[in-house]
Amino acid sequence: MAARSVTLGIDLGTTSVKAALVEAAPGDPSGFVVLASCARAARAETAAQNAAAGPQGREQDVRRIIQALHECLAALPREQLRKVCGIGVSGQMHGVMFWKTGQGCAWTEGGATPVFEPRAVSHLVTWQDGRCSSEFLASLPQPESHLSVATGFGCATIFWLLKNSPDFLKSYDTAGTIHDYVVAMLCGLARPLMSDQNAASWGYFNTRSQSWNLEILGAAGFPVQLLPDVAEPGSVAGRTLQAWFEIPRGTQVGVALGDLQASVYSCMAQKTDAVLNISTSVQLVASMPSGFQPVQTPDPAAPVAYFPYFDRTYLAVAASLNGGNVLATFVHMLVQWMADLGLEVEESMVYSGMIQAAAQQRDTCLTITPTVLGERHLPDQLASVTGISSSDLSLGHVTRALCRGIIQNLYSMLPFQQLREWGVQRVIGSGSALSRNEVLKQEVQRAFPLPVSYGQDVDAAVGAALVMLQRSLSQQKS
């Protein structure tokens, strides 16, 4: 095997940026070893660039995301970075950002290594964005796709900007996800390449024909020139223009992947595995058999969607908008209440304390429906608390009910019986919100009585690295 058998995986998530260095396991062509990994909080939330987005607008500062990425890479061992032969990138799906061709970044000497700094770029409008009301979405043309369009989807956001801020769009000539942007900057691409995984997450993309709904969009006045070219996930987008944190110039960079698909790739060992990822949001994923084709009529009320995976296969996905973000909202509420009472307390202390209290409270009659953000199939649903009695008001009761509610909400979208019918025999748990929360783990076991094992916090980054590693090993064999 060639000396350079290390691949770098990057995941640009909603709350953090992660990176992992992976190499093949000695003597095991299907195994791998994570040499090193790193995570940095992005802290990228910022006010919407367009006031008309209102309080529902959810945007992130691209500069802060890239800064967190550079901090991650700076923390990885330099001797391993020198061996990197491929870079895989994944990130938060559905979101959209804009930039000017040729002016998206500037490469500068950041101390010992060149780094790229965003220049003529917009904010990232994330998947959590709620500016597109149900009425607005109903006014959009029907897509020629098996997937419906929801608020926070790239094409819906562009339609909203076209109606509410057309001059904003005139400032840019290119669009993509945050991870498409990073790949384009690393490789100096004039036009970004987008995998069908991310294209499907934007809406108005037909996975059968592998093409955008150009006629439908064009007839509605949509700026189709902003849509990226689409490429196979697992293919190479280009090569690095510069040496970057000891990674040699000319290193292959893969087309950006969806974080969901990258997470699944890292931990779904068998087709009979289901993957449960709880980070900012929640996804429960099962693999569909080869040859499966979803019904081409979109159903906005369906709680399960079918997203493209690799090799023209699909994943059945119950994607809840309410996961670790709900727990974070609860913690923030408690901290704010204490501040109102003149008491200062760290959020981390509150989080660990409430999980500890819930772990000691094994059951509760309190019922919390945690849908503070609604769901894509039920956009107008809000959260609720029922079964309140004076004996169920302790922190342990409330936290136990909240964790149970997050899992029960997911169960209502994709019940255990359906998993059984699909032949699922094991659940693989992943994601930062699940890995550090024993109460959520208990509730998973309660709702889904199957063997459960747990992956790592950096699953999507590892998955992105593995896609490139498999490609590198295949090239060496041929």
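The values are calculated or read from the model by the stated rules, or taken from the named source; none is laboratory data. No experiment lies behind these values; they were computed from the predicted model shown. Positions of Cβ are generated from backbone atoms using ideal geometry, with glycine treated the same way; all protein chains shown enter the neighbour counts. Please note that ligands, DNA and RNA were not included when accessible areas were found on the heavy atoms of the full protein model with its side chains. Shrake-Rupley method; radii C 1.70, N 1.55, O 1.52, S 1.80 Å.
The figures follow:
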quantity	calculated
Correct choice for Cα extents along the principal axes in Å that was computed from the model, options [x] 65, 56, 53; [y] 63, 60, 51; [z] 74, 52, 49	[x]
Karplus-derived HN-Hα couplings along the stretch 341-357 (A = 6.51, B = -1.76, C = 1.60, θ = phi - 60°), whole Hz, x at Gly and Pro	8, x, 10, 9, 8, 6, 4, 5, 5, 5, 4, 5, x, 6, 5, 4, 5
All lysines inside 30 Å of LYS441 as judged from Cα atoms, apart from same-chain residues fewer than 8 positions distant	LYS18, LYS271
GLU375 long-range amide H proximity, modeled H, under 5 Å	ASP380, GLN381
Residue-averaged 222 nm ellipticity for the chain, from DSSP H runs of 4+ at -39500 (n - 2.57), nearest 500	-9500 deg cm²/dmol
Among LEU161, ASN206, THR251 - extreme Cα towards positive end, dipole of the stretch 148-259, charges at beta-carbon	LEU161
Average accessible surface area per residue within the stretch 132-234, 1.4 Å rolling probe, Å²	34 Å²
The chain - percent relative contact order, Cα under 8 Å, separation 6 or more	18 percent
Surface share of carbon and sulfur [accessible, 1.4 angstrom probe, percent] for the chain	52 percent
Inter-part distance where the stretch 125-159 and the stretch 190-236 are each reduced to a Cα centre, Å	15 Å
Given charges at beta-carbon only (K, R positive; D, E negative), |dipole| of the chain in Debye	820 debye
Cβ-based charge dipole, the chain, positive-most Cα from PRO223, TYR265, GLN293	TYR265
